[in-house]
1. Taking neighbour counts of Cβ atoms within 10 Å as a proxy for exposure, in what order, fewest first, do 36, 12, 145 appear?
2. Sort 9, 85 by Cβ crowding within 10 Å, fewest neighbours at the top.
3. Within a 10 angstrom radius of the beta carbon, how do 146, 56, 231 rank from fewest other beta carbons to most?
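Every number in this text was worked out from the coordinates using simple rules, so none of it is lab data. All values reported here derive from a predicted model rather than from experimental measurement. Heads up, the Cβs are rebuilt from the backbone with ideal geometry, glycines too, and the neighbour counts pull from every protein chain shown.
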């Protein structure tokens with residue numbers, strides 16, 4: 001499912017970037033630079049900036065994007081930087097504190113030129129959390145952006161409800177009773193290598209059929225948002 005979702009996201013991002021007039025683009029939470037390397041190769045001649053809190057990830061990103069500018073930052077986009085487009089892919093789920101997230105979003109809005117765009121791709125659905133992640137309802141992100149001067153222009157959902165049922169039911173049973181290994185990680189590796197497991201997983205993906213749909217907030221998945229900056233943003 002991961003690779004299918006990533007392939008769909010790349011296509012959606014390619015279409016969005018092609019339709020937005022943007023010369024200065026920021027990858028917020030760029031990690032190892034996988035997405036920036038793809039987009040900068042597809043859209044050459046633009047000015048690319050990557051921001052991440054991990055210095056080691058930034059070093060890896062430099063290898064794939066030697067032409068880009070990078071910043072290691074725990075506080076968001078450095079003051080004074082301006083962009084036509086900022087995007088964040090699977091970043092906000094790892095920001096557990098609402099106040100910190102609000103501050104980061106305000107900084108993103110301030111860094112955008114008036115009329116600039118922010119693209120967010122994030123896990124959404126019923127509120128849930130773990131020690132290192134937090135899932136927020138899709139509408140919560142829309143309210144957060146609106147408070148910070150970013151208006152929603154497009155929204156769609158990538159969802160695999162059949163595959164999620166497979167993960168919650170068959171997967172646990174399969175790994176417990178049919179996979180060898182001393183712990184859960186070992187059994188997960190064993191199952192991922194199993195032809196039977198991969199076939200069942202693939203069947204669940206096929207049964208999902210239409211995977212990009214309008215987001216009514218009723219299905220857990222990954223929401224793809226495009227926001228546009230208003231002419232005026234309140235600074236925090």
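1. Numbers: 36 24, 12 18, 145 21.
By the 10 Å Cβ count, ascending, the order reads 12, 145, 36.
2. On the way: 9 17, 85 22.
Going from sparsest to densest Cβ surroundings: 9, 85.
3. On the way: 146 13, 56 10, 231 7.
Listed from fewest to most nearby Cβ atoms, that is 231, 56, 146.
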